[in-house]
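To keep things clear, I will list the structure first and then write my remarks on it.
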Amino acid sequence: MAAILSVSSLNELAKQLLEANLSGVSVSGEVRSLVKAASGHWYFTLKDAGAEVRCAFFRGQALRCKTVFANGDAVVVTGSVSLYAPRGDYQLIVSRIELSGDGQLAVLFEALKKKLLAEGLFDAARKRPLPVLPRHIVVISSAAGAAIFDVIAVLARRLPQARITLFATAVQGDSAAGELTSAVQRITAESGFDVALIVRGGGSMSDLWAFNDEALVRAIHRCPIPVVSGVGHEIDFTLCDFVADVRAATPTAAAELATAVTSLDMQQQVMQCHARLIDVMQNKMNAFGQRLDQATSRLQPMSLPAGHRQRLALELRLARAIRRQGQTRAAPLAALVQRLARVSPVRWLQSNQSWLEGMRTRLQTAYTEQLRQHRRRLDKLSQSLPPDRARDSLIPLQQTLRQIQQNLNRAMLQRQQIQNHRLTTAQNVLHALSPQRVLERGYSVVESAQGVITQSVDLTAALSQSPAPIALTLHFADGKIGINATKRI
C-alpha cells in the first residue's frame, strides 16, 4: 500500500521536484498586476494569450535591475520555478528581466555603445571640423525617400556650386547595414569628396537599427573625410551619431551644417571686398592728386632755372616720377582684384549651372520612368486577375504611385522656389549696385560741357585755363542743379 502523504509533505515534495527540474528557465510574456511592496519585493503576473504565471522579484535582485518596465510591457524573465508550500501555489522566482522587441534592442544598443566607447571610437578629440566651403559632397541615403529630396533642395539653395554625389542604399531591413557599410568604405582619400552626409528620416528603434551596426560604426570611424550623421528626428539617437564628426538633428539640419557658408554669404563678402578696394583706390588717387597739386604749387617761375628747355625737362621728370609711383602702388591692387575674380561665386555658378540642370533632368527622368513602370505593372495585373482580386492587389501599387507623384510634385515645387530665390537675390544685387543707389547714399556726379569730372585735378586744370566761370551740372538722387565755378578753394 502506497504511503499516505500529508498536504505539507505533498507540497514540499512538489517544491523539490519543481526547483530541481525547472531552474534557470527564460519565459516571455506581458507584465500584469505589478505590485512593488514596501519590503522592496516586486510581485507581478506574466501573461500570454493562453495562460499566466505568478512571478516574484525579490528585493536583492530588484535593486540590481537596470531595466525599467511597467504593466503592459513585453518582457523576457529568467528565473527558477518554485512552490509556495503553505498555499500550494507555484510561482516563478525571477533573477533577471529584459524588455523584448525594441526593449531588447535598447539593451543591445547600450552594450555595444559601452564597448565602442571604451575603445575610444566616440572620443571628441578625434572629431574633425567640417570644411568651410565644400566643393564635392557625397550623400549616403535611400534614393526614394523624402530625406534625399530635402537634402538636395537645401544644398542647391545654400551652395548651388557644390557638386553632389548620391550613394543609394537601403536604409531599413536586413540588407541595409551591409549596403551602408559598403557605401562608406567606397569613400577614399583619392575620391575627391570633401564631406559625407549619411541621412535617413525618422522611425522606431527597429527601423533605425541598421545605423547601430558595429561594422558601419567602425567604417565611419575609418572614413578619411568628415562625416555628418542626420538620422531620424531630434529625439532619435544611433551609434552613427556618436561616431560621426558632427551629429545633426534631422537630414535637413545635416545639409545646413555641411554648408555653413552659403553662396549668398560669399557674394556679400566679395561685394564688401570690392567696396573696400574702391575706397582704397580712391584714397590713393586723392593722395596722388594732392601731392601733384603741392608739387605744382612749388614750381614758381622764380625758383626754376632760366630757360624754357630746363623748365620743360623738370616738368617731364616730375610727371614720370608720379606715373611710376602710381603704377607701383596699383600693381598689388590689380593682383588682389584678379584673385577675387578667380574665387567669385558668380564664376562658380556659371561653370556648374549645366551640371545642376543635368542632375535635375536625370532625377525627373528616373522618377518619370519609375512611374511608367508601375503603371504598366498595374495594367498587366488588371488584365490578368479577376475583378475582385485585382482590386485588392492593386491597392498597394496605387498607394506607391500616389507617393511617387507626391514626391515629383514636391521636387518640382522646391526647384521652383530655388529659382525664385536666385532671381530675387540677383535683383537685390543689381539694385544695390545701381548708380541711383550710390546717389541715394549721399554721393553726387559733377558734369561739365566736356563730360563727367571724376578727379579734382581735371577741374583745377580747367579753372586755371579758363578766364570765365565754368558751367557745371551737379546730379543728385532727386534731380540736378547747374552752378558756375570760378576758382579752386
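FYI, it's all coordinate maths here, none of it is from the lab. Remember, predicted model here, so these are calculated numbers, not experimental data. Positions of Cβ are backbone-derived with ideal geometry, glycine not excepted, and every protein chain shown enters the neighbour counts.
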With a ≥ b ≥ c from the Cα gyration tensor eigenvalues, square-rooted, and the rule rounded for a/c under 1.5, otherwise prolate when a/b > b/c and oblate otherwise, region 36-184 is prolate
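Show me 59-68, 236-245 ranked by packing, highest mean number of other Cβ atoms within 10 Å first.
Answer by packing, highest mean first, reads 236-245, 59-68.
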Quick one: Karplus J couplings for region 223-240, per residue in order, coefficients 6.51, -1.76, 1.60, θ = phi - 60°, nearest Hz, x for Gly and Pro? 4, x, 10, x, 10, 10, 9, x, 10, x, 9, 4, 8, 8, 10, 10, 5, 4
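When a/c is below 1.5 the answer is rounded, else prolate if a/b is larger than b/c, else oblate, so apply that to region 440-485 with a ≥ b ≥ c taken from the square roots of the Cα gyration tensor eigenvalues.
prolate
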First check a/c for region 106-261, with a ≥ b ≥ c the square roots of the eigenvalues of its C-alpha gyration tensor; if it is under 1.5, answer rounded, and if not, answer prolate when a/b is larger than b/c or oblate otherwise. prolate
Report, by chain and number, residues whose modeled amide H sits under 5 Å from the one on Phe167, excluding near sequence neighbours (fewer than 5 apart, same chain). Val139, Ile140, Ser141
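Taking a threshold of 24 Å on the Cα-Cα distance, which of the pairs Lys15/Lys66; Lys66/Lys113; Lys36/Lys66; Lys15/Lys47; Lys66/Lys115 fall above it? If you can, show how the numbers build up before the last one.
Numbers: Lys15/Lys66 30 Å; Lys66/Lys113 16 Å; Lys36/Lys66 16 Å; Lys15/Lys47 22 Å; Lys66/Lys115 17 Å.
Pairs exceeding 24 Å: Lys15/Lys66.
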Lys127 to His233: FRET efficiency via 1/(1 + (r/R0)^6), r the Cβ-Cβ distance, R0 25 Å, to the nearest 0.05? 0.65
Starting from the amide H of Arg96, placed 1.01 Å from N in the peptide plane, find each other amide H under 5 Å away whose residue is 5 or more places distant or on another chain. Thr78
If r is the Cβ-Cβ distance from Leu18 to Ala168 and R0 is 60 Å, what FRET efficiency results, to the nearest 0.05? 0.60
Using alpha carbon centers only, region 1-66 is separated from region 248-270 by a whole-angstrom value of 60
Average the reciprocal distances over every distinct pair of alpha-carbons in region 7-100, invert the result, and give the Kirkwood radius in Å. 13.7
Given bins 10 angstrom wide, list per bin the percent of all Cα-Cα distances in region 95-174, short to long. 14, 25, 31, 23, 6, 1, 0
Express the Stokes-Einstein translational diffusion coefficient of region 126-173 in µm² s⁻¹, to the nearest whole number, given a Kirkwood radius over alpha-carbon pairs, 37 °C and a viscosity of 0.692 mPa s. 274
